[in-house]
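The values are calculated or read from the model by the stated rules, or taken from the named source; none is laboratory data. Just so it is clear, the model here is predicted, and its values are computed rather than measured. Here the Cβ positions follow ideal geometry from the backbone for every residue, glycine too, while neighbour counts run over all protein chains shown. The area values use the complete protein model at the heavy-atom level, side chains included, leaving out ligands, DNA and RNA. Shrake-Rupley method; radii C 1.70, N 1.55, O 1.52, S 1.80 Å.
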Amino acid sequence: MKISKLAMVLIFLAACSQEIDYDPAHDYLTFANTDQFVTRQIALDLDVDFKTTTLAGSVVLTLQKMDPDAREIVLDTRDLSIHSVGVVGADGSVKPATYRVGERHEIKGAPLIITLPSDLESNTSMLVQIAYTTSANASALQWLPAELTAGGKHPMMFSQAQAIHARSFIPLQDTPSVRVTYEATIRTPPELLAVMSANNDPLTPRNGEYHFEMPQPIPSYLIAIAVGNLYFAPLGEDTGVYAEPEMLDASVYEFADTQDMLEIAEIKFGPYQWGRYDLLILPPSFPYGGMENPRLSFLTPSLLAGDRSLVAVVAHELAHSWSGNLVTNATWRDGWLNEGVTSYLESRLMEILYDKDRVDEERVLNYEELLQNFAVIPAERQGLAPRIDTRDSESGQGTISYLKGQMFLEYLENGFGRDRFDPFLFTYFRDFSFQTITTEAFVDYLDANLLGPNPGIISRADVEAWMYQAGLPEGALIPSSSTLTHAAALAGAWSVGEATLDDLPLEDWSPQALIHFINSLPDDLSQEALARLDGGLDLSGTRNAEIARAWFIQVAKRRYEPAYEQMAAYVNRYGRMRLIGPVYSALAANGHDKALAESIFANARSTYHPITIASIEKTLAQAGVAK
Ligand code: BES
Ligand code: ZN
């Protein structure tokens, strides 16, 4: 087919038109006027009140003025009660400042607009003190009554600030493009321990007043706190784990390889810049698998499978100490620079610590998930860094930034070879340490340091196809695993009676192989066959949360009602969105059980984190609605 030059120009312009007003350096999810003021340091002084389920106290922000004409400071808040705002003068006295809280935006929360006192207008640096109380519904915080903890005797609270929830417990510039150091004084009931994404001292006396410092500058989404009946156990010289005492031994066993992971990561990616690396095991309601809060990764207890089979999540959160925490996405639209690069590093760590077969199994499962993403996500959101403004903290990208991002780096690795690609990554982390980066700046850096110096392998246009185009570009490496291929073949053979359950090499199979077997069962399997499968393998009773996830998705999709009770128990046990979201979604979309899904949710709701509640509500509202 021949296309005239004019037609090509027209097509090009049409393709660009929706992108024309998109500014990749702009964070659409903050109210903060960061071109006029930038926060450098945060000092928190907070009481943790389990009776009112609030944090109350003050924050002092140290701000640097970037624009001499600026008179107003705009901060992000969500559902905060602001009691007073003062600006600290040169003599240390606090002068009251006028302020107002602007109109609440559904996603962004409300701006806090502070007018500088006129005699301080010309200062280039200033301290702003804000007294405030959080709402009992703060989106970042979950307050757990004692009965929802492992011990059952003490309450617990924890935060989850990514992506834009820090503003629900601190008024601040809530954008990843600003980095701050922080210190905090936290008062708790005396029998409880507070930990933060800061310098936790494993030997700190338990007395209800805790002081923290985070001397490295971090973006706001990495400020984190947890308070509960927490105890510490060492894992290695610089690593350890905090958990309720009931979970401590199991955690020490499960995460025994953490010190080794840290040491390998330093060799491969560069010096670990954060001091200690500890883990915090949260109650089952923690909404994520893990969260890379610096110095202290927060983890779901659903990783405690008893066989160390799910520790890739620890490798992932640790790897964020480089991709994400050290070199940070400029805005959430560049999220693949955090999550995609981290998923790649995770697989490199897992390959060294365990073996390539295990990682290939994960790659195949990820690839299948990616294809499912492509099937339902609109094309304009399938690039790694779409040039559309979603104005939504949820990118609507599913897990594309993780899975396609990882495959992009594997593509580069394959093209240039590890002997050139590894040093590139090493210097990337060094050159952008404690900085933020946009996708466009990354592509420039890649071009200057890898594509250009090694011409004829991968072009800038090849890279841009990954960034801006739908699906998988040409040259992507499609993963394969002989174990998983075999598992899929056995699923087919078993379903037509050509193999029995005794033929499954369960002893040799990883959980991932069994998951693939479950995912590969043909659509037309009879209810009687599902019963035999469940009876033979006790899938409904499995202790492995990932096997259970795969199974209950099938149970919901195929309406295998004998397992509904256990399915309901499963979504009640965990609040981790990845585990339960797809089960709710499959149940609500099977054509019969939307009301059941809603009633299971209504029952479980009070045990979930606010972020999980919001996400399941959205899932249920969308289920059954044509995309
Ligand atoms: N940073 C993410 C968690 C996150 C993502 C929080 C987006 C808020 C918004 C964390 O590092 C993560 O990716 N966790 C994964 C585990 C990983 C092995 C894929 C999870 O929770 O499942
Ligand atoms: Zn991650």
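Overview of results
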| read-out | value |
| --- | --- |
| Space enclosed by the convex hull of the alpha-carbon atoms of segment 32-227, per residue, Å³ | 121 |
| Viscosity 1.567 mPa s, temperature 4 °C, Stokes-Einstein D of segment 230-320 from Kirkwood C-alpha radius, µm²/s | 101 |
| Cβ charges +1 (Lys, Arg) and -1 (Asp, Glu), total dipole of the chain, debye | 1320 |
| Built amide H within the under 5 Å cut-off of Ala110, gap 5+ | Thr77, Arg78, Asp79, His105 |
| Selected from Ala568, Ser482, Pro511, residue furthest toward positive end of dipole (segment 482-622; charges at beta carbon) | Ala568 |
| In order through segment 76-92: 3J(HN,Hα) via Karplus (6.51 cos²θ - 1.76 cosθ + 1.60), integer Hz, x for Gly, Pro | 8, 9, 9, 6, 9, 9, 9, 9, 7, 10, x, 10, 7, x, 4, 7, x |
| Reciprocal mean inverse distance between Cα atoms of the chain - Kirkwood radius, Å | 25.9 |
| Positive-end residue of Pro284, Gly86, Ala550, charge dipole of the chain with Cβ unit charges | Gly86 |
| Relative contact order, percent, segment 230-320 [alpha-carbon distance under 8 Å, six or more residues apart] | 26 |
| Dipole magnitude of segment 32-227 about its Cα centre (Cβ charges: Lys, Arg +1; Asp, Glu -1), debye to nearest 20 | 260 |
| Taking segment 311-390 and dividing mean pair separation by its residue count, relative contact order in percent (alpha carbons under 8 Å, at least six apart) | 28 |
| Formal net charge of residues neighbouring Glu292 (Cβ-Cβ distance under 14 Å; K, R +1; D, E -1) | -3 |
| 3J(HN,Hα) from dihedral phi, segment 575-589, Karplus parametrisation 6.51/-1.76/1.60, rounded to Hz, x for glycine, proline | x, 6, 4, 4, 7, 9, x, x, 6, 4, 5, 5, 5, 5, 9 |
| Cα-derived Rg over Rh, computed across segment 322-468 with Rh taken as Kirkwood radius | 0.95 |
| Eligible aspartates and glutamates near Lys153 by straight Cα distance, threshold 18 Å, same-chain separation 8 or greater | Asp49, Glu191, Glu244, Glu246 |
| Carbon and sulfur %, accessible surface of the chain computed with the full protein complex present, 1.4 Å | 52 |
| The chain, relative contact order in percent, only Cα pairs under 8 angstrom and at least six apart counted | 11 |
| Dipole-positive endmost among Gly456, Ala256, Gly581 within the chain (Cβ charges, Cα centre) | Gly581 |
| Over 31 Å between alpha carbons, listed pairs Lys108/Lys356; Lys404/Lys618; Lys404/Lys557; Lys268/Lys618 | Lys108/Lys356; Lys268/Lys618 |
| Computed Kirkwood radius, in angstrom, where 1/r is averaged over Cα pairs of segment 482-622 | 15.6 |
| Antiparallel DSSP beta bridges within the chain, percent to nearest 5 | 80 |
| Long-range amide H partners of Ile218 with built H, under 5 Å | Val180, Thr181 |
